[in-house]
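**Student:** Below you'll find the structure I mean.
Nothing in this text is a laboratory measurement; each read-out follows from the coordinates by a stated rule. Predicted, not measured: the structure shown is a model, and the values here were computed from it. No Cβ is skipped: glycine too gets one built from the backbone with ideal geometry, and neighbour counts run over all protein chains shown.
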Number of protein chains: 2
Amino acid sequence: GALFLMSYVLSLLSWRQMKDGEIKRVAHSFKVGLALVLVSLLYMLEAVHDKLGDNAMWAVMTVVVVFEFTSGATISKGLNRGAGTILGCGLGSLVALLSQEIGGTGKAVAIGSSVFIFVAAATYFRLAPKIKKKYDYGALIFILTFSLVSVSGVRGDQIIILSRDRLSSIMIGFAICLFISIFVSPVWAGDELHNSLSNKFDKLAESVEGCMEDYTCLLEGKKGTQSIRERIRSNCLSVLSSKSSDEALANFATWEPWHGRFGFYYPWKKYLQIGDSLRELAAYVLSLTGCLQSINQPPQEFLLNGVKERCESTCKLMGSTLREIGKNIKNMTSHGQRDIMLVKLENLRLELCSSTLQSSIEMLVNQSGAIEGGTSFTSSVFLLGEIIGKV
Amino acid sequence: GALFLMSYVLSLLSWRQMKDGEIKRVAHSFKVGLALVLVSLLYMLEAVHDKLGDNAMWAVMTVVVVFEFTSGATISKGLNRGAGTILGCGLGSLVALLSQEIGGTGKAVAIGSSVFIFVAAATYFRLAPKIKKKYDYGALIFILTFSLVSVSGVRGDQIIILSRDRLSSIMIGFAICLFISIFVSPVWAGDELHNSLSNKFDKLAESVEGCMEDYTCLLEGKKGTQSIRERIRSNCLSVLSSKSSDEALANFATWEPWHGRFGFYYPWKKYLQIGDSLRELAAYVLSLTGCLQSINQPPQEFLLNGVKERCESTCKLMGSTLREIGKNIKNMTSHGQRDIMLVKLENLRLELCSSTLQSSIEMLVNQSGAIEGGTSFTSSVFLLGEIIGKV
């Protein structure tokens, strides 16, 4: 049965043309399976089981809970778990030992009230937004370990030995996770964030160019095709809704060690800032599409003196600049012609401004979008300059 | 020490003027503390401990892990945990029993390979976007229980009894969580979603009115105040970035039982759709602010024939309609004048369209924003009508 399943999975792998994301997903599944087999082997070995006893179960639990898709998330969860366990064990043992000296029903009351106070305090602490972002899991594990250790103190077992064994089996589990997630085809949160950022540039470039296409269709009196608009809309919306996943990735990326082209203290926060400007740009492009959609008849010829060409060239320049920057970010190279491009954009912007008074609605809408694009664009390029300067 | 801490916390509660959110947070902390004390008492009772042994630990663990901020999240996590545990226990016991018939080293190999296959499959399954949204935690618990049960089968203990005790202690933990999160000052995810939606309407209404204010400042030749713009910007950005938290709330809300004004099968998905149109509207308002910001000199008088008044009335009408709808949603009442308002908006839109050819940039930009607003607005009102129809 097992062999059949294996061969089936393998045939699926070779037979089907898989996308990059799916390969990563399959690889991740295999990695988790591998880690669990390794940790189960530890549990099965007599030597280990004699030493740690049923506490070896905690190693299995750690692997299941800590192993995440990206290396950064695994590391962050593991460190949180370690810190939470140490703190919880320490405080829990203290409470258990102190209450053992009381004895009688006083003991149960002392343990109960200290559990209530510490747990309520830790839960309140955990709900603060800043803590929630980075140390939520650590606080959860602290609560868990603290209550388990202090409550098992009621039975008066050897708490210190228990905590020590538990801690060392968690360490073993974490070590296995760490090893596999760093050395076996790692998925770095930093890489994912990097790629998602450069993809955003491409998407926006495509949208801006799509807008221009749509606009030329309108000028020629045709109805713009619906499919282009749908593409633009979905591109913009996907850029707009990327904030929370970006933030999570940036958080994990800060936990990752030196890898590939990213050193320690790599400025991941700049990525979030660029992401914010790109989201704003996406809002502008989205509203531009909306404006184009509400146009019903083509504008009169005489209103378009030279404006059409300028609009087109602005859109083209913006699109190509966005693509260029996306490529530069992807390859982490600085771009010599950046300043020249910016000057060009600025000139076009001024030209558009001066020729606006005699033009018609659609043009103006289009322009204002382009102007806005240009403005927010300049600021994002500025940020980019800073990043490249830092790397 | 404990008494002192208690009185300190109580004095904090009465002394400090707390916001609504903070009261909820403090209440949640107390609830978690209470649940853990209850479950610890169970562990301390001789009768329970004699029956369940150290498996009672699992009840503590369940309370810590399952108790979430909103009732819906607690229920969803608890049900996921229950289902995952039952499935994992069942399959794990099967594997353990079958492999016990093999014996020798073959046993370890059989267990190891079945762990690998099932875990890899479940992990792959877990990464699929649709599963990840609703059943992620259940799959995690399945992996955990399955590997724990099947691996402890190596030692040949009484697996069936072990699983039964573990399952019943998890049930006890879940029952305590359920009781406290539903009956002790519950925080419903549905209520939170409802309020966040009506807040969004208010924020957008404020932004639209702010834009108009800014615009009249510009017409009078003054520079618009920076603080208004900042407010508008932050309002729009907070609406834009609310997608993921709304989706999580809507997911939890579907798990919640009948409460307050919300029945079973309440159409929470409509809330997400309205949220989407509001986010689009926020994008339009945001780009409108950007356009206002890039205006440098006031427009010539003669270009403004009657357009200013129309813009103002459109903005006013939009603002008040948004507020009205927000209030209606909040109180779940239908609004009789809705159709009249929509007709008014449509008329204004047409008027703006016809008077545009002789007007200047700023007006046009403003108009297009208003037109767009009107369009997307109509669709959101339409959706609203459906919801109210359903409740």
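**Student:** Using a 10 Å cut-off on Cβ to Cβ distances, tally the other chain neighbours for every residue of A:25-37 and report the average as a whole number.
**Tutor:** Values: counts 5, 4, 0, 5, 10, 5, 2, 8, 14, 3, 2, 12, 10.
The per-residue average across the peptide is 6.
**Student:** What are the label-to-label distances in nm, one decimal and shortest first, from A:S320 to the same spot in the other copies, with labels 7 Å along Cα to Cβ?
**Tutor:** Spacings between copies for this position, smallest first, are 5.2 nm.
**Student:** Across the residues of B:124-133, average count of Cβ atoms on other protein chains within 10 Å? Please list the in-between numbers first.
**Tutor:** Numbers: counts 9, 1, 5, 8, 1, 0, 0, 0, 0, 0.
What the average comes to for B:124-133 is 2.
**Student:** Sort out for me the Cα centre separation of region B:113-152 from region A:20-43, rounded to whole Å.
**Tutor:** Each part's Cα centre sits 11 Å from the other's.
**Student:** Another question, if that's okay. Please compute the Kirkwood hydrodynamic radius of region B:32-160 from all pairs of different C-alpha atoms, in Å with one decimal.
**Tutor:** Details: mean 1/r = 0.0619 Å⁻¹.
Evaluated on region B:32-160, it is 16.2 Å.
**Student:** For region B:92-156, what Kirkwood radius comes out of the mean inverse Cα-Cα distance, in Å?
**Tutor:** Numbers: mean 1/r = 0.0815 Å⁻¹.
Evaluated over region B:92-156, this radius sits at 12.3 Å.
**Student:** Taking a point 7 Å out from Cα toward Cβ as the label site, list the nm distances between B:L34 and the same residue in every other copy, smallest first.
**Tutor:** B:L34 label point versus its equivalents elsewhere: 4.9 nm.
**Student:** Something else about it: How far, in nm to one decimal, is B:G90 from itself in the other copies if the label point is set 7 angstrom along Cα toward Cβ? Shortest first, please.
**Tutor:** In ascending order, 4.5 nm.
**Student:** Past the 25 Å Cα-Cα mark, which pairs from A:K77/A:K203; A:K31/B:K134; A:K270/B:K77; A:K243/B:K132; B:K77/B:K200; A:K203/A:K330?
**Tutor:** On the way: A:K77/A:K203 32 Å; A:K31/B:K134 23 Å; A:K270/B:K77 35 Å; A:K243/B:K132 19 Å; B:K77/B:K200 28 Å; A:K203/A:K330 14 Å.
Beyond 25 Å: A:K77/A:K203; A:K270/B:K77; B:K77/B:K200.
**Student:** Other chains' Cβ within 10 Å of B:52-59 residues: what's the mean?
**Tutor:** Details: counts 0, 0, 4, 0, 2, 4, 0, 0.
That works out to 1 on average.
**Student:** Now for a separate question. Spelling out what I want: for every residue of region B:81-97, take phi, set θ = phi - 60°, compute 6.51 cos²θ - 1.76 cosθ + 1.60 (Karplus), and round to whole Hz; glycine and proline get x.
**Tutor:** Ordered by residue, 3J(HN,Hα) equals 5, x, 4, x, 5, 4, 4, x, 4, x, 5, x, 5, 4, 4, 5, 5 Hz.
**Student:** Ok, one more. Can you pull the one-decimal nm distance between simple spin-label points at B:K330 and A:I131, each 7 Å off the Cα toward Cβ?
**Tutor:** Label at B:K330, label at A:I131, 3.1 nm between them.
**Student:** Give the shape of region B:101-214 as rounded, prolate or oblate, defined through the alpha-carbon gyration tensor: a ≥ b ≥ c are the square roots of its eigenvalues, a/c under 1.5 means rounded, and otherwise the shape is prolate if a/b is larger than b/c and oblate if not.
**Tutor:** On the way: a/c = 7.47, a/b = 2.27, b/c = 3.29.
Oblate.
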